[in-house]
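Novice: Mind looking over this structure? Questions follow.
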Amino acid sequence: MKYKQLLKEEKTFVLIFALCFLSLLRNLFIPLQGDEITYDKIANNILMGKYFQTSYPTTIAPMIPFIVAFFKIASFPTLSIVLNKMFFILMTFFGFRFVYLFLKQLKVDPRIILAILALTAANPIGISFFGSLYPEAMVFFCFWGFLYYAIQKDSTGNFLKMLFLFLMLAMTRYLYLIVGVIVLYKFYKFYKANNQAKFTKLIFYIIAFSLPIILWMKFIYNVEHNNLSEISYFNRFKTDNQFLYNVKAGLGIIKHHEVDKINGIPAFVSLFTPVTGLRSYLASLLLIAGFAYGYYRKNNPLGVKLLSLSIFLVMLGFILAGTGFSRYWLVLVPGYFLGYYFLAAKFNVKEKWIVMAAQVLCFIYIANELRLDVIILNRHL
């Protein structure tokens with residue numbers, strides 16, 4: 001069933017998506033804050049030929065600053081911000097399309113796919129960040145596009161699309177280099193499935209695609225090695241006993257010195273509640289155990305294996321990096337809900353009850369977002 005026809009038959013989900021989109025638009029009226037200001041400052045300096053925040057080089061991942069710089073209109077700064085945010089909302093839409101196509105390829109029931117998409121769209125953290133200048137929209141688009149092409153047949157075109165999205169993903173948030181394990185796996189499969197001529201051609205394309213990344217890595221090495229960086233993601237790895245310290249912070253045992261509250265595992269629960277900043281170790285561990293057990297099945301198809309591997313690699317990466325804000329988990333939300341669907345299926349819960357529960361939860365989220373819409377718009381209009 002095509003998704004357009006499916007939406008015509010599922011009016012409740014259409015209403016959910018429409019209300020979520022309206023709440024998402026409130027971001028257009030919110031001034032830049034936090035990291036958004038940093039990206040905007042770097043974007044201004046990019047237009048003057050310097051990758052600085054203010055006075056010195058920075059090694060912040062370049063994708064978002066360059067996108068912000070692309071939409072810069074010096075005489076209309078407000079319009080620049082609006083265009084940027086609309087672009088990221090568009091990227092979110094295409095990310096949702098990739099999620100749909102990916103789950104459809106796994107032969108998940110269409111109504112369950114809509115339920116997963118609706119829960120992702122209504123997610124309170126998603127409403128706050130998908131329409132902002134934070135990297136979440138771009139990461140979401142690249143991650144699910146990467147996974148979609150990773151489960152397609154082993155052709156040169158599909159591999160290059162996957163590789164391109166992987167490189168964009170890594171240049172948006174460095175931590176996602178960890179899913180390069182899947183790129184290596186697909187590279188091996190391509191080698192086994194194709195002749196020498198196609199393999200040689202692929203190597204040429206890989207080198208061409210990778211040259212900008214190699215040059216960027218050289219830039220990072222020079223700046224970090226000579227301690228020239230004004231603002232850097234890599235500072236967290238320069239403390240004494242850095243590995244143990246970061247792991248403790250990533251697990252949520254301690255608060256990392258660069259943030260104002262405990263993150264990591266205890267922050268996981270706040271991804272599923274409308275309560276801002278909620279932290280709970282027990283609730284988070286139960287939620288993590290729930291989706292993980294859902295994925296523990298015999299004879300999982302390749303797509304499910306790659307998705308579960310990606311989720312656990314990324315979560316492990318956050319722990320090792322000593323981070324894990326609630327918004328960092330956002331890109332993985334459809335994967336979490338798919339795990340919960342598999343868990344419910346183990347207990348023979350009928351799909352109609354799963355869909356109904358998803359719709360109820362969505363309307364709870366939406367009710368809270370409508371309240372926030374009024375507060376936010378009254379504050380900024």
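Novice: Can you find a residue in region 89-96 that is within 13 Å of the chain's Cα centre (by Cα), of a type in the set (Gly, Ala, Ser) and not in a loop (DSSP other than H, G, I, E, B)?
Specialist: yes
Novice: Just one of (1) over 23 Å from the mean Cα position of the chain (by Cα); (2) surrounded by 12 or more Cβ atoms within 10 Å (Cβ to Cβ); (3) modelled with pLDDT of 85 or more; (4) among the hydroxyl-bearing types (Ser, Thr, Tyr) trips up THR239, so point out which.
Specialist: (3)
Novice: If TYR149 passes every condition in (1) closer than 19 Å to TYR188 by Cβ; (2) of a type in the set (Phe, Trp, Tyr); (3) within 13 Å of the chain's Cα centre (by Cα) but one, which one does it miss?
Specialist: Among (1) closer than 19 Å to TYR188 by Cβ; (2) of a type in the set (Phe, Trp, Tyr); (3) within 13 Å of the chain's Cα centre (by Cα), the lone unmet condition for TYR149 is (3).
Novice: Could you grab me the full set of residues in region 97-125 that are outside any helix (DSSP H, G or I) and surrounded by fewer than 19 Cβ atoms within 10 Å (Cβ to Cβ)?
Specialist: Initially, region 97-125 is screened for residues outside any helix (DSSP H, G or I), giving 106-109, 122-123.
Hits for region 97-125 are LEU106, LYS107, ASP109.
Novice: Consider LYS255 carefully, then state whether it is free of Cβ contacts under 8 Å to residues at least 12 places away in the same chain, among the basic types (Lys, Arg) and loosely packed, with under 13 Cβ neighbours inside 10 Å.
Specialist: Criteria not met by LYS255.
Novice: Ok, one more. Please work out if SER284 is buried (at least 17 other Cβ atoms within 10 Å of the Cβ), closer than 25 Å to VAL183 by Cβ and without any contact (Cβ under 8 Å) to a residue 60 or more places away in the chain.
Specialist: In short, no.
Novice: Can you tell me how many residues within region 331-354 are closer than 16 Å to LEU117 by Cα and at pLDDT 95 or above?
Specialist: Qualifying residue count for the region: 13.
Novice: Go through region 153-184 and report how many residues are out of contact with any Leu (no Cβ under 7 Å at 6 or more places or on another chain) and touching a residue at least 40 places away in the same chain (Cβ under 8 Å).
Specialist: The number of residues fulfilling the criteria is 11.
Novice: What tally of residues in region 148-159 results from selecting those that are surrounded by fewer than 24 Cβ atoms within 10 Å (Cβ to Cβ) and among the aliphatic types (A, V, I, L, M)?
Specialist: Total meeting the criteria: 1.
Novice: Read through the list (1) surrounded by 18 or more Cβ atoms within 10 Å (Cβ to Cβ); (2) in contact with a Ser or Thr (Cβ under 9 Å, 6 or more places away or on another chain); (3) without any contact (Cβ under 8 Å) to a residue 60 or more places away in the chain, then give the number of the only condition that LEU343 fails.
Specialist: Among (1) surrounded by 18 or more Cβ atoms within 10 Å (Cβ to Cβ); (2) in contact with a Ser or Thr (Cβ under 9 Å, 6 or more places away or on another chain); (3) without any contact (Cβ under 8 Å) to a residue 60 or more places away in the chain, LEU343 violates only (2).
Novice: Tell me which residues, restricted to region 264-281, are β-branched (Val, Ile, Thr) and surrounded by 19 or more Cβ atoms within 10 Å (Cβ to Cβ).
Specialist: ILE265, VAL269
Novice: Also: Please work out which one of (1) basic (Lys, Arg); (2) within 28 Å of LYS305 (Cα to Cα); (3) under 26 Å from the mean Cα position of the chain (by Cα); (4) loosely packed, with under 13 Cβ neighbours inside 10 Å is the condition LYS218 fails and give its number.
Specialist: Going through (1) basic (Lys, Arg); (2) within 28 Å of LYS305 (Cα to Cα); (3) under 26 Å from the mean Cα position of the chain (by Cα); (4) loosely packed, with under 13 Cβ neighbours inside 10 Å one by one, LYS218 breaks only (2).
Novice: Yes or no: region 44-65 includes at least one residue that is aromatic (Phe, Trp, Tyr) and without any contact (Cβ under 8 Å) to a residue 12 or more places away in the chain.
Specialist: Step one: filter region 44-65 for residues aromatic (Phe, Trp, Tyr), giving 51-52, 56.
Then drop every residue that is not without any contact (Cβ under 8 Å) to a residue 12 or more places away in the chain, which leaves none.
Among the residues of region 44-65, not one is aromatic (Phe, Trp, Tyr) and without any contact (Cβ under 8 Å) to a residue 12 or more places away in the chain, which makes the answer no.
The values are calculated or read from the model by the stated rules, or taken from the named source; none is laboratory data. This one's a predicted model, so the numbers in the text were calculated from it and none came from an experiment. Glycine also receives a Cβ, built like all others from the backbone with ideal geometry; neighbour counts cover every protein chain displayed.
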